[in-house]
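The values are calculated or read from the model by the stated rules, or taken from the named source; none is laboratory data. None of the values given here were measured: they were computed from a predicted structure. Reconstructed Cβ throughout: ideal geometry from the backbone, glycine too, with neighbour counts over all protein chains shown.
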Amino acid sequence: YEDEDNRKKRLLLPRVSYLTLVTDKVKKHFLKVMKQEDMEEMWFEYEGTPLKWHYPIGVLFDLHASNTVLPWSITVHFKNFPDRDLLRCPSHSVIEAHFMSSIKEADALKHKSQVVNDMQKKDHKQLWMGLQNDKFDQFWAMNRKLMEYPTEEGGFRYIPFRIYQTMSDRPFIQKLFRPVSPEGNTHTLGSLLKEMYPAAIPNEVCPDDFQKRYQVVIHGIEPLLETPLQWLSEHLSHPDNFLHICIVPTPTD
Amino acid sequence: MPISLLWAVDVHGRVYSLSTAGQQWERCHDAQMEFKRVTAARQCCWGIACDNKIYLNVHASDLPVRYQEEAYENQRWNPVDGFSERLLPSDRWQWSDVTGLQHQPLDSFQLPSSSWEWEGDWYADENFEGEPTEKGGWTYAIDFPATYTKDKKWNSCVRRRRWLRYRRYKAMDTWVKIPSQQTSLPDPFSDISCGGWEITEEPRGRLSLWAVSLQGKMWFREGICHHNPEGSLWEEIPLPGEVVQISCGPGDLVWAVLWEGQLIVREGIGRDCPKGTSWTVVDSPTPDVGAIHVAVGVNVVWAVTKDNKLWFRRGVNSHNPCGSGWLSMVGEMIMINVGLNDQVWGISWEDRAVYFRQGVTSSELSGKTWKVISVPRDGDRSQSRASTSNGVTCYVTSDSPEEAGSAAPSVLEEETVPGEGEVKAPCARLALSPSQSEGPLDPQWSNVDLEEVQVQQAQSGALLESADTCSLSSVATYTLALDDQYGADEHPIWAWVSGGGCSVDSHSHLNWFTSSLNTSSLVQSFQSMSLSVTPAQTTAWRRQIFEQLSERTKKEMDNFRHYEQAIEKTVWVKKGTMQWWRDWKPHKWIDVHFALEQFSGPDGNKDGIIFVYYNFYDEKKYLHAFINEITILVPVLNDSKHTFAIYTPERTKQRWPIRLAAATELEMHDWLALLSVSCCDSRGIQGPPSKQAIWSITCKGDIFVSEPSPRLEAMPYPTPCDQMFWRQVGGHLRMVECNSSGIVWGIGYDHTAWVYTGGYGGGFFQGLASSTDNIYTQTDVKNVYIYENQRWNPVTGYTNRGLPTDRYMWSDASGLHECTKTNTKPPSPQWTWVSDWVVDYGVSGETDREGWQYAADFPASFHGYKTLKDFVRRRRWARKCKLTTTGPWQEIPPIPLCDVTILPCADQSSVDVVPLWAISNKGDVLCRLGVTALTPAGSSWLHVGTDQPFKSISIGGASQVWAIAKDGSAFYRGSVSLQSPAGQCLLPIRRPLDQVGYYFIIIAIKRATPFASLLNWGHYCGFVVMAVKVWIIADRVQGTHSLSCGTVCHRLGVQPMEPKGASWDYGIGGGWDHITIRGNAMDPPHIRLPSLTNLSASAPRSPLLVRNTEVNGNAVEC
């Protein structure tokens, strides 16, 4: 594909959105250069890995390509949809349903679903439209309600998080985890990983093992392990209200 | 909420305190004695030690306890000696009190106790009724007693002068014995309770202290107040029976328990009679089980019966101190204590741990659940300290012997070990017990020494079934051995707790319940410390995230800006329905559709338009305003609607904002937050206010800040001040003061001092419009006043039946609006009532004993006594309401302030100490130490001794401090510097028009409150002033609507040679209360004359006529 210019398309994608939501332009572009009968459902692949559209774009990038040179080149396929690996995405309403169910799931963890259930249909729509149009203000005007919590409780009931890694077949780790320990101590990113994925923490037993084996990446950055989990959940969650944490092997060079 | 202390005593008599911010019981090491009981107030703690004497521990404060002694020296003129001490035989003493009736030579003044010291020697007072006198301080008159003047006249035959000397209470933070009375008290004390500080504020710091003796008699300590913390003498209170325990609430509730198990309630307690007049007996909750313990608050009564059951009294308030009935509560306690805000603590019968009642609010006074306070004691860490004395007398309150025995089984086991030698010293103390010295009481209930304990223990098994027969409340003294092993008890056994000084409420965040296990394990507390995030770490992780994010943006975005956007930006519209106060007459609220359309402006800034769609005679119309034109969004909460006003420069000129009302408070806050973010975006404003920002406050206590443009003071065409953009900052204040190094202080309506933390947002601002740290909870309390009006008629005297033309019998201050006790609501839904209606005696002009003020007719000037010509009277009722919000403010406890001033320094480094002065709400002059740009809160107050109370203070160029006393006299103090932050002593200003001219401006403006006379300051200006900026809050701007009261005004044309200026430029208003421009010191550095670089001004916007008496320093400050 590389030699022909009209076989490439360059786009600036928002990290927090979904591949199939922002690639209408890609589809339009290839419609022009391809035969209609060759066009089946579009899917994406990077270095042989089919990309799951239902993960936020930023997560896909951090997971598969965090230490590569930008721009990120991914391959577009219109044939041989890998049904084993990917969900089909015939329309935006499927993305909306996925997005809203994520928000509801997150709120069930955070507030026993109280906040999201108190919202009206139009409020839900505003969240979705905010994401679809990449309008942060529009989105946040509604989302801030989902980020509130009673001050005396010191945080959400449980932190909605997902930990991804490329090394295992499990899609991701998701468990119940509170922002504050029963003793009243603030949980940090470190305390979460200690419980969920101890290998990601630099080895405490032999501290001379300086070489970090894994990077813990959220939104393309590596927050310090002492960052409070509640703060991360409030400020570095994706629009679906989940804190997506990618654990990738440290590049060996 | 300031840090305050919960006090407790364990069974070994060790006194501990637990801070509301702490996580550990701190041992009161100062106590040489072991204590039996303590009772705390905010400012002190009283206790009964094991010698049965009463001890007092006054908490150290930046404000010293200082008492002014005065004596008058009288002289008469005779032709031979001139004025001499030779007086006529009929004259007064040569040294006397102010009346002349009491002989008072200077050497007759003695320190009241060893806890006091003299502050200096006697000196003559050279200030007379606010004016400085001639040297020597003499005042002259024709004869004694007469009117004195400071000038000597031809007919002045006598003269006198006042001598002053101060004594200071020095025994702070230490337990001192209250000197026993000359008429020795009959027997030792067994219980003590203090309270009553809410009955009246006069005199300051007044407390009621009640004590019960072992014989069941009751005593009241007279004369306790701020400058007499020890009180003066004990007075016996007659009783209907023998009392074992007493509890006194912060207000007028006093309950006590009789030996027989009934309770008695003191009636008739009031402002004029803190002791009360009579007792009413209330039966025990259950007829067959008597009460042994009672605890009262402001509106609550809790009791414990002899079976350790817990009871809550329904329907108690100050009109009905007896309440209406008992409610059984969950829990078994040996004692219970009610502290501030009716919060409740108890000591459990089962494990002797201190429990806190959670969920006590003014609407749910009985609370929800008991929660154990499980924090370690500092003694647990170093146990050796705990065993310095071999024998300890411990006091256990219990209702029955078997319970006492079971409560201290380990104690008794210890004692059975022979050869410990534990009985020596304590036995000597026990000799005081009434069972031995006063003859037998009920034999089961006398104090018992070691042998008796063992006997009782032996008996206790047999007595188990017959609990009631022997149960009477009791006091039993056990002697026990204390060794290291026992000192290390992992399970503290508490005997007494007092929350009278502990200020917590349902909003407080307490760290007392960290561990669900009731242990005080050292390891655990260390773990919690190591895991908790310290501020240094906080900044590290935060910085790391922001650095990485900006790096990521650089890497992923900046190089690819030319790429096509995957999503095209579109216009975004938010719509809603609101009500709009329509522009044309008749003005009324009409339903409208409201929309905000946002788009990206040409320069990349976001911009927008707001639309109000309305119907005009069935025709659809709209009005609009550009977001970048909006100068301010002001919430105008009133009791019926959630409204806000939108101003543009044009609408500021017209004094006619777009007024909109949202359906709910939440909706209004949503809109305000969104519009505010849009306005800031369109002007490119984000983050915290700059150091040069101008701060202002509305009469509702909302805080606004404006970034001054360099052209604001430009000559000859400055930016009109109606074009200034104001944005709101969270919080609630009455006044604010800042300087150009970014130090900002505020004072709330409840006189609490607050310091700006450097954050922004808070309140209804959420998300990006608010900083994530530096935002704290802020509360404020203010009074709502209504007036009760009555007219006299010959038949019935004063009644609430007025003439048809009269004002409402319950009204506001103007009399125009009816305000009854029931229909008066808090100022807005943000406020909630926190007290009941009470008569306000503090109204200006005196009142009679019932708070009435009399006048010939409405409306007229009222006075505090009744004359024959008075036909109407009124009295003021006050009710407190409280607001809780958030904002970038942190409290500076504990001294309440009424005025604060900061030096407007232009070019200083962040480590230089900045002079900051304040006046406490009692009139003390204070200087804050350690204030720098990095530590704006400073470290502590330095009290500056003065002879009289002050009301206003201001610090100007060349670090000179100017202050006005409550009697109107002006004072000045030079050379306040780093080395001596308090400067020299405050000197009275003798010649107001001397060469140091500029200060008089300040004083002139400060004292001339009405707007018109404010213009006269130029009259005093015969001197050179460089670069003065004058901003005021004008009471009334000519030719505008009633709304315009309290308008920000900028004086134009003020120049060095023209200090009077030329004209006023009107800015935002009305409804403004206060402004400070001291941060905006943008003068060129070469003008460094000792001149006033800034004048900021404000005037109180109250419509009251009492203006001149309420100048109170917020008129103008500089």
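Observations, loosely collected:
- All conditions but one from (1) free of Cβ contacts under 8 Å to residues at least 24 places away in the same chain; (2) touching a Phe, Trp or Tyr at 6+ places or on another chain (Cβ under 9 Å) apply to B:Cys225; the one that does not is (2).
- Of all residues in the stretch B:248-306, those satisfying the criterion of being under 18 Å from B:Thr39 (Cβ atoms), small (Gly, Ala, Ser) and within 24 Å of the chain's Cα centre (by Cα) are B:Gly249, B:Gly251, B:Gly297.
- The lone exception for A:Ala199 - which of (1) within 14 Å of another protein chain (Cβ to nearest Cβ); (2) modelled with pLDDT under 80; (3) assigned to a helix (DSSP H, G or I) it fails: (1)
- Residue in the stretch B:782-791 that is more than 21 Å from B:Leu897 (Cα to Cα), part of a loop (DSSP other than H, G, I, E, B) and touching a residue at least 60 places away in the same chain (Cβ under 8 Å) present: no
- Taken over the stretch B:556-596, the criterion of being at pLDDT 75 or above and within 12 Å of chain A (Cβ to nearest Cβ) is satisfied by B:Val573, B:Lys574, B:Lys575, B:Gly576, B:Leu596.
The rows are residues; the columns are (1) under 22 Å from A:Val16 (Cα atoms); (2) within 11 Å of chain B (Cβ to nearest Cβ).
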residue	(1), (2)
A:Val69	yes, yes
A:Val76	yes, no
A:Ala106	yes, no
A:His111	no, no
A:His124	yes, no
A:Met167	no, no
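- Residue match in the stretch A:95-104 (condition: small (Gly, Ala, Ser), without any contact (Cβ under 8 Å) to a residue 24 or more places away in the chain and more than 14 Å from every other protein chain (Cβ to nearest Cβ)): yes
- Boolean, A:Leu86 is surrounded by 14 or more Cβ atoms within 10 Å (Cβ to Cβ), within 19 Å of the chain's Cα centre (by Cα) and assigned to a helix (DSSP H, G or I): no
- Output for the stretch A:103-140, where each listed residue is surrounded by 17 or more Cβ atoms within 10 Å (Cβ to Cβ), modelled with pLDDT under 80, outside any loop (DSSP other than H, G, I, E, B) and out of contact with any helix residue (DSSP H, G or I) (no Cβ under 6 Å at 6 or more places or on another chain): A:Gln132, A:Asp137
- Restricting attention to the stretch B:840-854, the residues being surrounded by 18 or more Cβ atoms within 10 Å (Cβ to Cβ) and either over 26 Å from the mean Cα position of the chain (by Cα) or part of a strand (DSSP E or B) (or both) number 3.
- Of the residues contained in the stretch A:43-62, one or more are found to be touching a helix residue (DSSP H, G or I) at 6+ places or on another chain (Cβ under 7 Å) and facing chain B (nearest Cβ under 10 Å).
- When residues in the stretch B:283-302 are screened for being crowded, with 24+ Cβ neighbours inside 10 Å and within 21 Å of B:Thr361 (Cβ to Cβ), 5 of them pass.
- When each of B:Trp234, B:Trp311, B:Trp219 is tested for being in contact with a Phe, Trp or Tyr (Cβ under 6 Å, 6 or more places away or on another chain) and either under 21 Å from B:Ser363 (Cα atoms) or not assigned by the TED database to the domain that holds B:Asn341 (or both), the lone residue that passes is B:Trp311.
- Number of the exception - B:Cys194 against (1) surrounded by fewer than 19 Cβ atoms within 10 Å (Cβ to Cβ); (2) in contact (Cβ under 8 Å) with a residue 12 or more places away in the chain: (1)
- Scanning the stretch B:111-145 for residues that are in a loop (DSSP other than H, G, I, E, B) and β-branched (Val, Ile, Thr) returns B:Thr133, B:Ile142.
- Residues satisfying the stated conditions in the stretch A:204-222, i.e. within 14 Å of chain B (Cβ to nearest Cβ) and either modelled with pLDDT of 80 or more or under 27 Å from the mean Cα position of the chain (by Cα) (or both): A:Gln215, A:Val216, A:Val217, A:Ile218, A:His219, A:Gly220, A:Ile221, A:Glu222
- Identity of the residue in the stretch B:918-960, more than 21 Å from B:Tyr166 (Cα to Cα), touching a Leu at 6+ places or on another chain (Cβ under 7 Å) and not polar (S, T, N, Q), that ends up modelled with the lowest pLDDT: B:Gly957
- Leading residue by the ranking (farthest from the other protein chains (Cβ to nearest Cβ)) among those in the stretch A:141-157 that are aliphatic (A, V, I, L, M) and in a helix (DSSP H, G or I): A:Leu146
- Taking the criterion of being among the hydroxyl-bearing types (Ser, Thr, Tyr) and either within 19 Å of B:Trp572 (Cα to Cα) or loosely packed, with under 12 Cβ neighbours inside 10 Å (or both), the residues of the stretch B:610-621 that qualify are B:Tyr613, B:Tyr617.
- In the stretch B:639-667, the residue that is surrounded by the most Cβ atoms within 10 Å (Cβ to Cβ) out of those that are free of Cβ contacts under 8 Å to residues at least 60 places away in the same chain and within 14 Å of chain A (Cβ to nearest Cβ) is B:Leu666.
- Check on A:Leu70, in a loop (DSSP other than H, G, I, E, B), more than 26 Å from B:Phe599 (Cβ to Cβ) and not assigned by the TED database to the domain that holds A:Glu222: yes
- For A:Asn185: the one exception among (1) modelled with pLDDT under 80; (2) crowded, with 17+ Cβ neighbours inside 10 Å; (3) away from chain B (no Cβ under 11 Å): (3)
- Residue in the stretch B:887-904 that is modelled with pLDDT of 85 or more, over 26 Å from B:Asp62 (Cα atoms) and not acidic (Asp, Glu) present: yes
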